[in-house]
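Structure, as structure tokens:
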Amino acid sequence: MPENAQCPAATELPDGVRREQVRAQADAVADRAFAFRMTDHVLGQLRTQTTEDPILRQFLPVSEEMRPVPGFGTDPVGDLAARQQPAVLQKYAGRALLMVTGSCAVHCRYCFRRHFPYDEGLVDEARIEQALSHVRDDPSITELILSGGDPMVLSERRWIDLIRRIDTIGHLRRLRVHTRIPTVHPDHLKPGHFKALAESRLRCVLVAHVNHPDELDQRSATVFEALGRAGVTCLNQSVLLAGVNDRVETLARLSEALFDQGVLPYYLHQLDRVAGAAHFEVPREIGCRLMAGLRARLPGYLLPRYVVEEAGQPAKTPVDCGDAI
Ligand SMILES: *Cc1c(COP(=O)(O)O)cnc(C)c1O
Ligand code: SF4
């Protein structure tokens with residue numbers, strides 16, 4: 001890494017040149033495989049205009065990423081071992097995960113797939129067809145999870161086509177979509193994205209990925225409302241992130257803001273120990289204390305399940321908080 005790649009801790013980003021500064025700083029970090037990527041919509045969500053902003057922090061590369069930390073690796077949750085086919089992951093009973101694309105509208109610096117070898121031609125049309133026939137041949141799969149990357153980066157036309165093909169697999173009952181698009185790039189979603197889900201014979205679930213209440217606004221409200229009208233059950237997963245949402249007050253506001261938009265909290269994930277993300281880790285004892293604080297403030301249905309993904313386990317594992325909660 002070049003000498004000048006250090007990122008000062010809390011630089012003011014003056015109006016006007018804000019965007020240029022963010023880009024320049026981001027480019028200074030030499031992780032070319034997982035470059036800075038953020039949308040104008042997210043830029044509009046920043047409140048503090050500093051590099052400590054809880055929204056910006058999720059996307060802005062910092063020099064700490066390049067520091068190796070013991071215990072943080074490139075395949076933290078055993079995804080490579082769980083690959084059934086180039087584009088299918090199956091770890092849990094009844095559910096298969098289809099990697100529809102390697103791209104995302106944003107690059108979240110803590111992403112557990114940041115080192116995944118998407119560029120091995122993983123997600124071309126032939127591989128998707130191969131993945132769908134794998135699902136078709138396995139009647140034990142009742143739920144198909146669209147993931148990536150971010151599956152909703154697909155154009156309206158490709159999305160409609162994909163959902164129609166999935167619909168023809170008779171033993172599937174549920175279709176689940178894991179996506180950040182409703183909050184990071186809502187303008188990408190066209191009527192056909194919703195219509196395809198509304199017309200599907202499958203029960204549809206959308207799991208959004210929102211970490212901080214300021215990511216929810218009037219645009220996301222419109223998207224979740226359209227999803228609700230399409231009969232889609234909307235859930236949210238968050239990752240517990242230092243400097244982003246590691247306060248009871250923030251997590252409580254997040255749960256309430258989600259529910260205001262028709263979305264139920266589903267998971268709060270302990271950070272996957274992926275290389276480059278160590279500066280986001282919140283110790284489990286603190287996570288347990290945050291959950292206890294949330295439990296004292298919110299109705300039970302607004303509490304996310306605090307879980308960690310452990311390679312080789314048959315499900316996400318609840319974080320063991322002992323007597324703490
Ligand atoms: C997380 C995950 C799922 C979904 O797990 P749920 O507990 O059903 O939300 C499915 N497949 C893979 C590979 C996963 O990592
Ligand atoms: S949108 Fe999801 S898959 Fe894409 S970088 Fe962010 S966390 Fe990773």
Inset, instruction - From the list Gly322, Gly243, Gly262, pick out the single residue that is at pLDDT below 95 and either within 16 Å of ligand 1 (Cβ to nearest atom) or surrounded by fewer than 18 Cβ atoms within 10 Å (Cβ to Cβ) (or both). - result: Gly322
Legend entry - The one condition in (1) without any contact (Cβ under 8 Å) to a residue 60 or more places away in the chain; (2) open to solvent by 30 Å² or more (accessible area, probe 1.4 Å); (3) not charged (D, E, K, R) that Val232 fails to fulfil: (2)
Inset, instruction - Go through (1) in contact with a Pro (Cβ under 9 Å, 6 or more places away or on another chain); (2) in contact (Cβ under 8 Å) with a residue 40 or more places away in the chain; (3) within 16 Å of ligand 2 (Cβ to nearest atom) and name the single condition Leu240 misses. - result: (1)
Legend entry - Hits in the range 288-318 (condition: within 20 Å of the chain's Cα centre (by Cα) and more than 18 Å from Asn236 (Cα to Cα)): Glu310, Ala311
Inset, instruction - Any residue in the range 176-196 that's among the polar types (S, T, N, Q): show its pairings with residues that are away from ligand 1 (no atom under 16 Å from the Cβ) and assigned to a helix (DSSP H, G or I) at Cβ separation under 6 Å, as long as the two are six or more apart or on different chains. - result: Thr179/Met152; Thr183/Glu215; Thr183/Ser220
Inset, instruction - Could you run through the range 62-79 and say how many residues are more than 22 Å from His209 (Cβ to Cβ) and either β-branched (Val, Ile, Thr) or without any contact (Cβ under 8 Å) to a residue 40 or more places away in the chain (or both)? - result: 2
Inset, instruction - Name, by its number, the condition in (1) within 16 Å of ligand 1 (Cβ to nearest atom); (2) at pLDDT 95 or above that does not hold for Val100. - result: (2)
Legend entry - In the range 44-61, residue surrounded by the most Cβ atoms within 10 Å (Cβ to Cβ) [restricted to those that are away from ligand 2 (no atom under 16 Å from the Cβ) and either closer than 20 Å to His107 by Cβ or touching a residue at least 40 places away in the same chain (Cβ under 8 Å) (or both)]: Asp53
Inset, instruction - Can you give me the number of residues within the range 276-319 that are without any contact (Cβ under 8 Å) to a residue 40 or more places away in the chain, surrounded by 15 or more Cβ atoms within 10 Å (Cβ to Cβ) and among the hydrophobic types (A, V, I, L, M, F, W, C)? - result: 3
Inset, instruction - Determine which single condition Pro76 fails, assuming it passes every other condition in (1) over 17 Å from Gly312 (Cβ atoms); (2) in a loop (DSSP other than H, G, I, E, B). - result: (1)
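The values are calculated or read from the model by the stated rules, or taken from the named source; none is laboratory data. Since we're looking at a predicted model, the values are computed, not measured. Every residue, glycine among them, receives a Cβ derived from its backbone with ideal geometry; neighbour counts consider all protein chains shown. SASA here: full protein model, heavy atoms, side chains in, ligands and nucleic acids out. Shrake-Rupley method; radii C 1.70, N 1.55, O 1.52, S 1.80 Å.
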